[in-house]
Amino acid sequence: REAGIPDAEIDSGLPALWFRYTEYLHREIRELRVHALPGVAALLDRVEGAGPEVVLGLLTGNIREGARIKVEAARLGFARFRVGAFGSDHAERPALPAIAVERARRETGIAFSGKEIVIIGDTPRDVACGAHLGVRTIATATGHHPVDELAACGADHTFADLSDLEAVWRVIEA
């Protein structure tokens, strides 16, 4: 857009771009030892076992296929996420939570809203994304942003990582 390229032309080139990206990502992943970050697998298990009214979703700026490749490489099971919203669904990250919430409503018949929705992320953009919809945000300093920076962004709760499952779960259930 900034270069003056019309949206229709940009949109028509996205499938080829995404194909190349996933091709590259497959190659990169094969060369890396990918593992889940501390506490992630246990937390996913806990959320999954919490009952049918609790929906495990995946929200990421990555495209759907890129997210699947990464989740599977970490051996976390992409299929366990009942709903998702991806960068391939909308160009603006703040729009993704509403897409995920609508998909969860269609999947379950439950109109989730407000702080009963929890977004866990490791960047200021993840915190802002959740705050945009008025949901509960949990920031984890497992990426490039330290705890104090994430807390300053307005996260409802901040952890160094997700390894203290009971503490994280208390925040989710609150």
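Checked against (1) open to solvent by 60 Å² or more (accessible area, probe 1.4 Å); (2) part of a loop (DSSP other than H, G, I, E, B), E107 passes all but a single condition, namely (2).
Taking the criterion of being open to solvent by less than 80 Å² (accessible area, probe 1.4 Å) and of a type in the set (D, E, K, R), the residues of segment 20-35 that qualify are E23, E28. Please determine, by comparing only the residues of segment 120-174 that are over 22 Å from L44 (Cβ atoms) and open to solvent by less than 40 Å² (accessible area, probe 1.4 Å), which one is farthest from the chain's Cα centre (by Cα). Ranking the qualifying residues of segment 120-174, first place goes to G134.
Residues satisfying the criterion are present in segment 145-162 (criterion: more than 21 Å from L37 (Cα to Cα) and either in contact (Cβ under 8 Å) with a residue 60 or more places away in the chain or assigned to a helix (DSSP H, G or I) (or both)). All conditions in (1) out of contact with any strand residue (DSSP E or B) (no Cβ under 8 Å at 6 or more places or on another chain); (2) part of a loop (DSSP other than H, G, I, E, B); (3) crowded, with 20+ Cβ neighbours inside 10 Å hold for V101, with the sole exception of (2).
The values are calculated or read from the model by the stated rules, or taken from the named source; none is laboratory data. Just so it is clear, the model here is predicted, and its values are computed rather than measured. Positions of Cβ are backbone-derived with ideal geometry, glycine not excepted, and every protein chain shown enters the neighbour counts. These accessible areas exclude ligands, DNA and RNA; they are computed on the full protein's heavy atoms, side chains included. Shrake-Rupley method; radii C 1.70, N 1.55, O 1.52, S 1.80 Å.
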